[in-house]
1. Being in a loop (DSSP other than H, G, I, E, B) and out of contact with any helix residue (DSSP H, G or I) (no Cβ under 8 Å at 6 or more places or on another chain) is the filter; apply it to the range 40-57 and report the residue that is surrounded by the most Cβ atoms within 10 Å (Cβ to Cβ).
2. I'm told residue 20 meets every condition in (1) part of a strand (DSSP E or B); (2) modelled with pLDDT of 95 or more except one. Can you identify the failing condition by its number?
3. Restricting the search to the range 58-79, which residues are surrounded by fewer than 10 Cβ atoms within 10 Å (Cβ to Cβ) and either in a loop (DSSP other than H, G, I, E, B) or touching a residue at least 24 places away in the same chain (Cβ under 8 Å) (or both)?
4. Please tell me if residue 31 is over 11 Å from residue 3 (Cβ atoms), loosely packed, with under 14 Cβ neighbours inside 10 Å and either among the charged types (D, E, K, R) or touching a helix residue (DSSP H, G or I) at 6+ places or on another chain (Cβ under 7 Å) (or both).
5. Take the residues in the range 47-60 that are touching a strand residue (DSSP E or B) at 6+ places or on another chain (Cβ under 7 Å) and of a type outside the set (A, V, I, L, M), then tell me which one is modelled with the lowest pLDDT.
6. List the number of the failed condition for residue 13; all other conditions in (1) within 13 Å of the chain's Cα centre (by Cα); (2) modelled with pLDDT of 95 or more hold.
7. What do you reckon, is residue 4 in a strand (DSSP E or B), among the acidic types (Asp, Glu) and modelled with pLDDT of 95 or more?
8. Condition first: out of contact with any helix residue (DSSP H, G or I) (no Cβ under 8 Å at 6 or more places or on another chain), among the β-branched types (Val, Ile, Thr) and free of Cβ contacts under 8 Å to residues at least 12 places away in the same chain. Can you find one or more residues in the range 2-24 that meet it?
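The values are calculated or read from the model by the stated rules, or taken from the named source; none is laboratory data. From a predicted model like this one, the values you see are computed outputs, not experimental measurements. Glycine also receives a Cβ, built like all others from the backbone with ideal geometry; neighbour counts cover every protein chain displayed.
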Amino acid sequence: MVLDLIVNSGDDGFNAEVPSVKGCESWAHTEDEVISKVIELLRFYLKLGQQHVVEIDFSRKTRNKKVLKILIRTSKFGE
């Protein structure tokens, strides 16, 4: 599964959301912290277990907006 993660930067910190998952958004002082919070929410909303691997890949960036791709896959035994 591949989902978009949109991170907006502002004067007071960062806001991030996964538009395809209603309510999956967060705010934090740093970009890394907001991404971590949104991934935690996404794992909760989608009921992802330990067998699911979540990877983040850069897609594109504009002035104050960054779009990342979230890749969710089931890990194979031994990975």
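1. The extreme case among them is 46.
2. (1)
3. Within the range 58-79, 62, 63, 76, 77, 78, 79 qualify.
4. Considered against the rule, which asks whether it is over 11 Å from residue 3 (Cβ atoms), loosely packed, with under 14 Cβ neighbours inside 10 Å and either among the charged types (D, E, K, R) or touching a helix residue (DSSP H, G or I) at 6+ places or on another chain (Cβ under 7 Å) (or both), residue 31 comes out as no.
5. 51
6. That leaves (1) as the condition not met.
7. Values: in a strand (DSSP E or B): yes; among the acidic types (Asp, Glu): yes; modelled with pLDDT of 95 or more: yes.
It is true that residue 4 is in a strand (DSSP E or B), among the acidic types (Asp, Glu) and modelled with pLDDT of 95 or more.
8. So in the range 2-24, the residues out of contact with any helix residue (DSSP H, G or I) (no Cβ under 8 Å at 6 or more places or on another chain) come out as 2, 4, 6, 8, 10-12, 19-20, 22.
With among the β-branched types (Val, Ile, Thr) added as a condition, the list becomes 2, 6.
After this cut, where a residue has to be free of Cβ contacts under 8 Å to residues at least 12 places away in the same chain as well, the list is none.
Scanning the range 2-24 turns up no residue that is out of contact with any helix residue (DSSP H, G or I) (no Cβ under 8 Å at 6 or more places or on another chain), among the β-branched types (Val, Ile, Thr) and free of Cβ contacts under 8 Å to residues at least 12 places away in the same chain.
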